[in-house]
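Inspection log for the structure reproduced underneath, given as structure tokens.
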Amino acid sequence: IIGKGAGGSVYPLYDKAHNHLYAMKKLRLQMSRENWVSYETKLKNEFRIANKLHHQNLIRTYDLLQDNDLFIIVMDYAPFDFFTIVMAGVLTKHEIYCYFKQMCIGVSYMHSIGLAHRDLKLDNCVVDANGILKLVDFGSSVIFDMKRYNQEGESREVEKASGIMGSDPYLAPEVVTYPFYDPSLADVWSLAIIYCCMILRRFPWRV
């Protein structure tokens, strides 16, 4: 197993025919409180969003497979867990700046096409064999500008998001305070917390 979270577990997947290593994410099973239609819609939306993203700092997603009630997303394999790298204390300041810049570029691309990640954290970053940082896990992502998303221009107003999505230490105050908020700005807050963690190797409010 490569990684595990609320949305599912990730395993290596070797394609013998093409001698290529992928990663496969076994998505979480249906919960007792949700009906099949809403469950299936959520998982397919996660794949649809991930499959639309084509940027070097976002993990590339290829296919969605279904075996009865099991859904699997096939994506690129990146061997290095960024949380482990940061907490090991092996990064120089220059490397920290470089990785954080890559992170910001990836988020900026998402925002440019009307998408907010909504679960930015060290655990949702990986590094490939070439040292390129990639954001992963788009299960909480939301469209805040449908015109940008559909390449039809830009909406006059941002479509506000609702609900507490993300991971506690990285959540922007408005996410837990207000019923509606701008998800792109919430991403910016999460990026700032990540940067503090990269420098301090702990959350900033523990200083």
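Cβ-Cβ distances below 7 Å connect no pair with a first residue in segment 134-153 that is over 23 Å from Phe180 (Cβ atoms) and in the same structural domain as Thr41 (by TED's automatic domain parsing), a second residue that is aromatic (Phe, Trp, Tyr) and buried (at least 20 other Cβ atoms within 10 Å of the Cβ), and a separation of six or more residues or different chains.
For segment 70-103, which positions are within 25 Å of Met24 (Cα to Cα), among the aliphatic types (A, V, I, L, M) and not in a helix (DSSP H, G or I)? Write out each step before concluding.
At the first step, the residues of segment 70-103 found to be within 25 Å of Met24 (Cα to Cα) are 70-86, 99, 102-103.
Next cut, among the aliphatic types (A, V, I, L, M) only: 70, 72-75, 78, 85-86, 103.
Those that are within 25 Å of Met24 (Cα to Cα), among the aliphatic types (A, V, I, L, M) and not in a helix (DSSP H, G or I): Leu70, Ile72, Ile73, Val74, Met75, Ala78.
If the requirement is being in a loop (DSSP other than H, G, I, E, B), of a type in the set (Gly, Ala, Ser) and either touching a strand residue (DSSP E or B) at 6+ places or on another chain (Cβ under 7 Å) or surrounded by fewer than 20 Cβ atoms within 10 Å (Cβ to Cβ) (or both), which of these qualifies: Gly166, Gly139, Gly153, Gly106?
Values: Gly166 fails: either touching a strand residue (DSSP E or B) at 6+ places or on another chain (Cβ under 7 Å) or surrounded by fewer than 20 Cβ atoms within 10 Å (Cβ to Cβ) (or both); Gly139 fails: either touching a strand residue (DSSP E or B) at 6+ places or on another chain (Cβ under 7 Å) or surrounded by fewer than 20 Cβ atoms within 10 Å (Cβ to Cβ) (or both); Gly106 fails: in a loop (DSSP other than H, G, I, E, B).
Step by step, each of Gly166, Gly139, Gly153, Gly106 is checked, and only Gly153 is in a loop (DSSP other than H, G, I, E, B), of a type in the set (Gly, Ala, Ser) and either touching a strand residue (DSSP E or B) at 6+ places or on another chain (Cβ under 7 Å) or surrounded by fewer than 20 Cβ atoms within 10 Å (Cβ to Cβ) (or both).
Tell me, which residue of segment 1-27 that is charged (D, E, K, R) and closer than 21 Å to Leu122 by Cα is modelled with the lowest pLDDT? Full working, then the answer.
Applying the first criterion (charged (D, E, K, R)) to segment 1-27 yields 4, 15-16, 25-26.
In the following step, the residues that additionally are closer than 21 Å to Leu122 by Cα were identified as 4, 25-26.
On the way: Lys4: 81, Lys25: 94, Lys26: 94.
Per the criteria, the residue is Lys4.
Of everything listed in (1) outside any loop (DSSP other than H, G, I, E, B); (2) touching a residue at least 24 places away in the same chain (Cβ under 8 Å), the single unmet condition for Ser38 is (2). Looking only at residues in segment 88-103 that are in contact (Cβ under 8 Å) with a residue 60 or more places away in the chain and surrounded by 14 or more Cβ atoms within 10 Å (Cβ to Cβ), the one that is nearest to Lys134 (Cα to Cα) is Met103. The set of residues from segment 47-61 being among the charged types (D, E, K, R) and out of contact with any Lys or Arg (no Cβ under 9 Å at 6 or more places or on another chain) comprises Arg48, Lys52. In segment 1-22, what residues are among the hydrophobic types (A, V, I, L, M, F, W, C), within 23 Å of Ser167 (Cα to Cα) and surrounded by 12 or more Cβ atoms within 10 Å (Cβ to Cβ)? If the condition is that a residue be among the hydrophobic types (A, V, I, L, M, F, W, C), within 23 Å of Ser167 (Cα to Cα) and surrounded by 12 or more Cβ atoms within 10 Å (Cβ to Cβ), then Ile2, Val10 are the ones that fit. Would you confirm whether or not segment 51-69 contains a residue that is within 20 Å of Ser167 (Cα to Cα), at pLDDT 90 or above and either exposed (fewer than 15 other Cβ atoms within 10 Å of the Cβ) or over 16 Å from the mean Cα position of the chain (by Cα) (or both)? Taking every residue of segment 51-69 in turn, none turns out to be within 20 Å of Ser167 (Cα to Cα), at pLDDT 90 or above and either exposed (fewer than 15 other Cβ atoms within 10 Å of the Cβ) or over 16 Å from the mean Cα position of the chain (by Cα) (or both).
Evaluate the following for Arg28: is it surrounded by fewer than 18 Cβ atoms within 10 Å (Cβ to Cβ), at negative phi, touching a strand residue (DSSP E or B) at 6+ places or on another chain (Cβ under 6 Å) and of a type in the set (Lys, Arg)? Spell out the reasoning first.
Working: surrounded by fewer than 18 Cβ atoms within 10 Å (Cβ to Cβ): yes; at negative phi: yes; touching a strand residue (DSSP E or B) at 6+ places or on another chain (Cβ under 6 Å): yes; of a type in the set (Lys, Arg): yes.
Considered against the rule, which asks whether it is surrounded by fewer than 18 Cβ atoms within 10 Å (Cβ to Cβ), at negative phi, touching a strand residue (DSSP E or B) at 6+ places or on another chain (Cβ under 6 Å) and of a type in the set (Lys, Arg), Arg28 comes out as yes.
Looking across segment 169-207, the residues that are exposed (fewer than 15 other Cβ atoms within 10 Å of the Cβ), of a type outside the set (Lys, Arg) and either assigned to a loop (DSSP other than H, G, I, E, B) or within 15 Å of the chain's Cα centre (by Cα) (or both) come down to Tyr178, Pro179, Phe203, Val207. Inside segment 10-51, residues that are of a type in the set (D, E, K, R) and within 30 Å of Ser112 (Cβ to Cβ) make up a count of 7. Cβ-Cβ distances below 6 Å connect the following pairs, each with a first residue in segment 174-202 that is within 25 Å of Tyr99 (Cα to Cα), a second residue that is basic (Lys, Arg), and a separation of six or more residues or different chains: Pro183/Arg118.
The values are calculated or read from the model by the stated rules, or taken from the named source; none is laboratory data. These numbers were taken from a predicted model, which means no experiment stands behind them. Cβ atoms come from the backbone with ideal geometry, glycine included; neighbour counts cover every protein chain shown.
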